[in-house]
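The values are calculated or read from the model by the stated rules, or taken from the named source; none is laboratory data. From a predicted model like this one, the values you see are computed outputs, not experimental measurements. Heads up, the Cβs are rebuilt from the backbone with ideal geometry, glycines too, and the neighbour counts pull from every protein chain shown.
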Amino acid sequence: MSVSAAIHRKIQLCGYGRSLDNTERMGVEQYRDYLCQLHQVVRASIPLMELAVQRCDASHPVESQLIAYLTEHIEEERGHAELLVRDLEAAGMPEAQLLLRVPDAAIAELVGAQYYWITHYSPLALLGYISFLEGRPPTEQAIAFWQTATGLPDAAFHSLRLHSEADPGHWQALDDFLDTLDLSAAEVELIGLSAMQSAQRAGAAWSGLVQRWSH
């Protein structure tokens, strides 16, 4: 089994899923909550990748390849957090209000684990995190659901549409990259652990939103 396939399998074992079936009331407020949570994750993406680049050892054969991959991916992700801000403004939430929101503990755990692994063990851990995030883009069905449920204009959905179109290609590029790396057993284990932890904490964050909506 390839490294990428093994990572996918580990994520699947976590049972991660985002379903709207068990929520009774969906509308503008719930969509804003959803975008706020996405922003809390996305705004950390470039800082995480920049930290990983800084922690890479350019003389290490695998980490030198990681530097090149992350440098390119940073440019692909640039401006995405700002796009979410604009979508939220189109949905009626100003940036100042967005930034006052206290992130859920599960979001802090999702992102914070990467800071720990990058700083205290290996920047390669970030590949598991990216694999999880890129592998779960918004579907056209989900975007249509939100637009119908909220009645918001197209201007509130630019970020979801961007990720729906771009993330499958990014995910395939990451899979191809993973499968070219000469990884040790410990490095493969770390990337898999990072991917699984990401799926678990993202699932907890989504469950927290759904629980809030049901009250």
Within segment 151-167, which residues are of a type outside the set (Gly, Ala, Ser), in contact with a helix residue (DSSP H, G or I) (Cβ under 7 Å, 6 or more places away or on another chain) and part of a helix (DSSP H, G or I)? His158, Leu160, Arg161, Leu162, Asp167
Hey, among Arg101, Arg161, which residue is within 25 Å of Glu29 (Cα to Cα), in contact (Cβ under 8 Å) with a residue 24 or more places away in the chain and among the charged types (D, E, K, R)? Arg101
Only unsatisfied item for Gln65, checking (1) assigned to a helix (DSSP H, G or I); (2) without any contact (Cβ under 8 Å) to a residue 40 or more places away in the chain; (3) not small (Gly, Ala, Ser), is (2)
Could you go through segment 28-38 and let me know if any residue there is hydroxyl-bearing (Ser, Thr, Tyr) and under 21 Å from Tyr129 (Cα atoms). yes
Can you confirm whether segment 187-205 contains a residue that is out of contact with any helix residue (DSSP H, G or I) (no Cβ under 6 Å at 6 or more places or on another chain), at pLDDT 90 or above and either among the hydroxyl-bearing types (Ser, Thr, Tyr) or not in a helix (DSSP H, G or I) (or both)? no
Candidate set: segment 164-177, residues that are surrounded by 15 or more Cβ atoms within 10 Å (Cβ to Cβ) and touching a Ser or Thr at 6+ places or on another chain (Cβ under 9 Å); chosen: the one farthest from Gly27 (Cα to Cα): Phe177
Which residues, taken from segment 165-184, are at pLDDT below 90 and not charged (D, E, K, R)? Ala166, Pro168, Gly169, His170, Trp171
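Tell me which residues, restricted to segment 6-52, are basic (Lys, Arg), at pLDDT 90 or above and closer than 20 Å to Ser194 by Cα.
Step one: of segment 6-52, the residues basic (Lys, Arg) are 9-10, 18, 25, 32, 43.
With at pLDDT 90 or above added as a condition, the list becomes 9-10, 32, 43.
Arg9, Lys10, Arg43, listed by residue number.
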It is to be established whether one or more residues within segment 33-52 are more than 16 Å from Asp167 (Cβ to Cβ), among the small types (Gly, Ala, Ser), in a helix (DSSP H, G or I) and without any contact (Cβ under 8 Å) to a residue 40 or more places away in the chain. no
Any idea which of (1) over 30 Å from Leu124 (Cβ atoms); (2) part of a helix (DSSP H, G or I) is the one Ala173 doesn't satisfy? (1)
